[in-house]
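Q: Encoded as structure tokens, here's the structure I'll be asking about.
The values are calculated or read from the model by the stated rules, or taken from the named source; none is laboratory data. If you're wondering where the values come from, they're calculated on a predicted model, not measured in any experiment. When we count neighbours, we look across all protein chains shown, and the Cβ atoms used for this are built from the backbone with ideal geometry, even at glycine. To get the accessible areas, we keep the full protein, side chains included, count just its heavy atoms, and leave off ligands, DNA and RNA. Shrake-Rupley method; radii C 1.70, N 1.55, O 1.52, S 1.80 Å.
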Amino acid sequence: MAGKLFFVPTPIGNLNDISPRIVETLKSVDFILAEDTRTSRNLLKHFNIEKPLLSYHKFNEHKTLENIIEKIEAGHSVAVISDAGTPGISDPGFMLSRECRRRGLTVETLPGPCALIPAIVNSGLPCERFCFEGFLPQKSGRKSRIEMIANEGRTTVLYESPLRLLKTLVAFSEICGQERQASVSREISKLHEETIRGTLGELIVHFTKNPPKGEIVIVLAGKPENDTPKIHKNKYKR
Ligand code: SAM
């Protein structure tokens, strides 16, 4: 009988966010695929989990696919973890999930830590429907993606690096205007967690005075009805 593939979320900061079921699952599988085996070894050691670790990241996910599928078809159970949060969400995992689907193999994804959910709920912006855009393209297609998001009526959630946060807020303000509401959550579940809410203009002023550090999620309010996005020339330099 074929084995099973588990996508297993791991904490995005606070180790207490791991659930008993996540620990049980990691203890029950034959292999764990880890994005960075050194980072994951420390986490697994903390929870007394000793399992063979195989390296699985964006640079080898094509090459290792067949080998992983063979293991599952041979009856082994395999868990995928990433450095933090839910695998497949701005992390490797999709190709494996798609291949299991093609071959009729069972996949189980455990509920657990994922940065986008606390960020959108904490933002105070509408969250009954929303879009997740992951990371913006850094070069090609960046401008058109920003324009598309600016025109979106639903709240949009984005991942961003602290080094690019200000540049991204300015780019959005040039299309959406300074008055569009947004929120930036930093270091969720960690010691220096904070969420700053305000207009794009207010956030730009805040992060110009307080250069951001740590891990960042941006939440942008949807385009208000009857608003026509245009290029807003502003005083902030990128
Ligand atoms: N798979 C992860 C998840 O489920 O959220 C996301 C992995 S992606 C490579 C890493 C990005 O997620 C970071 O650059 C940041 O935008 C966001 N992120 C992860 N942990 C975070 C945290 N504790 N606070 C804020 N953002 C976080």
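Q: Could you state the angle between the C-alpha long axis of helix 200-209 and the longest principal axis of the C-alpha atoms of the chain, as a value from 0 to 90 degrees rounded to the nearest 10?
A: Taking Cα atoms only, the helix is inclined about 80 degrees.
Q: What is the sum of charges around Leu26, taking Lys and Arg as +1, Asp and Glu as -1, for the other residues whose C-beta is under 14 Å from the C-beta of Leu26?
A: +2
Q: Next question, about the same structure. When averaged across all projection directions, what area in nm² does the alpha-carbon convex hull of the chain cover?
A: 14.3 nm²
Q: Can I ask one more? Output the pairs from Lys27/Lys213; Lys167/Lys223; Lys71/Lys190 with a Cα-Cα distance over 32 Å in this structure; if there are none, say none.
A: Lys27/Lys213; Lys71/Lys190
Q: Still on this model: Per 5 Å bin, what percent of the C-alpha pairs of segment 163-203 does each bin hold, from zero upward?
A: In order of increasing distance, the bins hold 6, 24, 27, 21, 13, 7, 2 percent.
Q: Related question: Given the Cα-Cα distance of Glu24 and Arg102 and 0.36 nm per residue of separation, how much length would full extension add, in nm?
A: 25.3 nm
Q: Which angle from 0 to 90°, rounded to the nearest 10, does the C-alpha axis of helix 37-46 make with the longest principal axis of the chain?
A: 80 degrees
Q: Okay, moving on. Considering amide H positions built from the backbone, and no H for Pro or chain starts, which residues 5 or more places from Gly134, or on another chain, come under 5 Å of its amide H?
A: When sequence neighbours closer than 5 places are left aside, the close amide H contacts are Tyr159.
Q: Given the protein chains as shown and a 1.4 Å probe, how many square angstrom of Cys131 are accessible, to the nearest 10?
A: Probe radius 1.4 Å; accessible area of Cys131 about 20 Å².
Q: Once the Cα atoms of helix 94-103 and of the chain are each reduced to a long axis, what angle between those two axes, in degrees from 0 to 90 to the nearest 10, is obtained?
A: Relative to the chain, helix 94-103 is tipped by roughly 50 degrees.
Q: Nearest 5 percent is fine: what portion of the DSSP beta bridges confined to the chain is antiparallel?
A: Values: 17 of 36 bridges.
Bridges in the chain are about 45 percent antiparallel.
Q: Taking the simple approach of a point 7 Å from Cα along Cα-to-Cβ for both Cys131 and Asn42, what is their distance in nm?
A: 3.7 nm
Q: A follow-up question, please. Which percent of Cα-Cα pairs in segment 127-193 sits in each 5 Å bin, short to long?
A: 3, 14, 26, 29, 17, 8, 3, 0
Q: Compute the signed sum of charges (Lys and Arg +1, Asp and Glu -1) over the other residues within less than 15 Å, Cβ to Cβ, of Ser55.
A: Net of charged neighbours comes to +1.
Q: Now, a different point. Given the convex hull of the Cα atoms of segment 19-72, what is a quarter of its surface area in nm²?
A: Taking a quarter of the hull surface, the average projection is 4.0 nm².
Q: Can you give the FRET efficiency for Leu15 and Asn151, using 1/(1 + (r/R0)^6), R0 = 41 Å, r = Cβ-Cβ distance, to the nearest 0.05?
A: That pair, Leu15 with Asn151, gives E of 0.55.
Q: Could you check the spin-label model distance between Glu50 and Ser140? Points 7 Å from the Cα along Cα→Cβ, value in nm.
A: Roughly 4.9 nm, to one decimal.
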